[in-house]
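Single-structure report; data block below.
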Amino acid sequence: SLFDLVLSGPDLPGVPTSDTAAVMHTMITSASREILLVGYAVHDGKRLFEPLARRMEQMIALEVTFCLDIPRPYNDPTPSAELVARFARNFRVRHWPWDRLPRLYYDPRSLLTGDQRASLHAKCVGVDRARALVTSANFTDAAQRRNIEAGVDLRHRPTAERIADYFRGLCAGGQLIECPLG
């Protein structure tokens with residue numbers, strides 16, 4: 001089939017459900033060229049991203065890119081560069097302690113104040129430009145395993161390519177900026 005619903009949460013008789021983490025794990029372990037992970041919130045990344053780090057070790061040519069929101073706390077006057085550096089340190093310590101690093105991009109508008117501020121709020125995973133999971137679930141244990149979440153697992157190559165092209169284009173065009181992790 002070209003798509004499947006990924007409905008996470010309490011089981012209901014006659015309505016198939018699957019937790020988002022299981023679908024994401026299946027996608028990651030099948031990747032051979034590239035993985036794109038786009039999300040708003042990350043919590044307990046060490047646990048969630050361990051299969052991804054293992055896959056990166058198995059597949060040396062695998063390119064992994066995160067696009068994540070770097071929020072400015074309300075009324076926080078900290079310079080944007082300092083918030084980005086703090087986010088990078090936190091990401092390395094709490095979410096990605098492994099040696100082989102992914103690339104990480106963010107929307108600089110998330111660090112603005114007032115009416116100019118925007119969030120990178122999308123949540124999706126793309127694998128090899130052939131499959132994409134578009135979901136309400138963040139990269140948190142609660143969202144991946146316990147919350148009520150809804151998503152679509154797309155196995156339609158043109159749609160998966162379009163999602164990948166969109167985020168790759170935002171990165172290449174400078175609308176999303178790389179957050180140095182090294």
Worksheet item: At a probe radius of 1.4 Å, what is the per-residue accessible area of ILE60, in Å² to the nearest 10?
Response: 120 Å²
Worksheet entry | Rounded Å value of the spacing that divides the Cα centres of segment 16-39 and segment 99-120 | 23 Å
Worksheet item: Within the accessible area of segment 137-179, what % is carbon and sulfur when the probe is 1.4 Å and the other protein chains stay in place?
Response: 54 percent
Worksheet entry | the chain: angle of helix 20-30 to the longest principal axis, Cα-based, in degrees nearest 10 | 90 degrees
Worksheet item: Can you give the extra length, in nm with one decimal, that the chain gains between VAL15 and GLU178 once fully stretched, where that is 0.36 nm per residue apart less the Cα-Cα distance?
Response: 54.6 nm
Item to complete: Starting from the Cα-Cα distance between TYR74 and VAL152, subtract it from 0.36 nm times their residue separation and give me the gain in nm to one decimal.
Response: 24.8 nm
Discussion item. Just want to confirm a number: the relative contact order over the chain, from Cα pairs under 8 angstrom separated by 6+ residues, in percent.
Written reply: 32 percent
Response to the item:
Measuring from the longest principal axis of the C-alpha atoms of the chain, the long axis of helix 45-58 (C-alpha) lies at a number of degrees, nearest 10, equal to 80 degrees
Worksheet item: To the nearest 10 degrees, how steeply does helix 157-172 sit against the main Cα axis of the chain, on a 0 to 90 scale?
Response: 10 degrees
Discussion item. How much length would be gained if the chain were fully extended between LEU5 and LEU112, taking 0.36 nm per residue of separation minus their Cα-Cα distance, in nm to one decimal?
Written reply: 35.0 nm
Practice prompt. Using mean projected area of the Cα convex hull in nm² as the read-out, say which of [x] 12.4; [y] 17.6; [z] 11.1 was calculated from these coordinates.
Written response: [z]
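Could you compute the net charge surrounding ARG117? Neighbours are other residues with a C-beta less than 15 Å from the C-beta of ARG117; K and R count +1, D and E count -1.
Once positives and negatives cancel, what remains is -2.
Tally Lys/Arg at +1 and Asp/Glu at -1 over every other residue whose Cβ is under 12 Å from the Cβ of ALA21; what's the total?
Residues close to ALA21 contribute a combined charge of -2.
The values are calculated or read from the model by the stated rules, or taken from the named source; none is laboratory data. Note that the structure is predicted; figures quoted are calculated from it, not measured. Positions of Cβ are generated from backbone atoms using ideal geometry, with glycine treated the same way; all protein chains shown enter the neighbour counts. Calculation scope for accessible area: heavy atoms of the full protein, side chains included, ligands and nucleic acids excluded. Shrake-Rupley method; radii C 1.70, N 1.55, O 1.52, S 1.80 Å.
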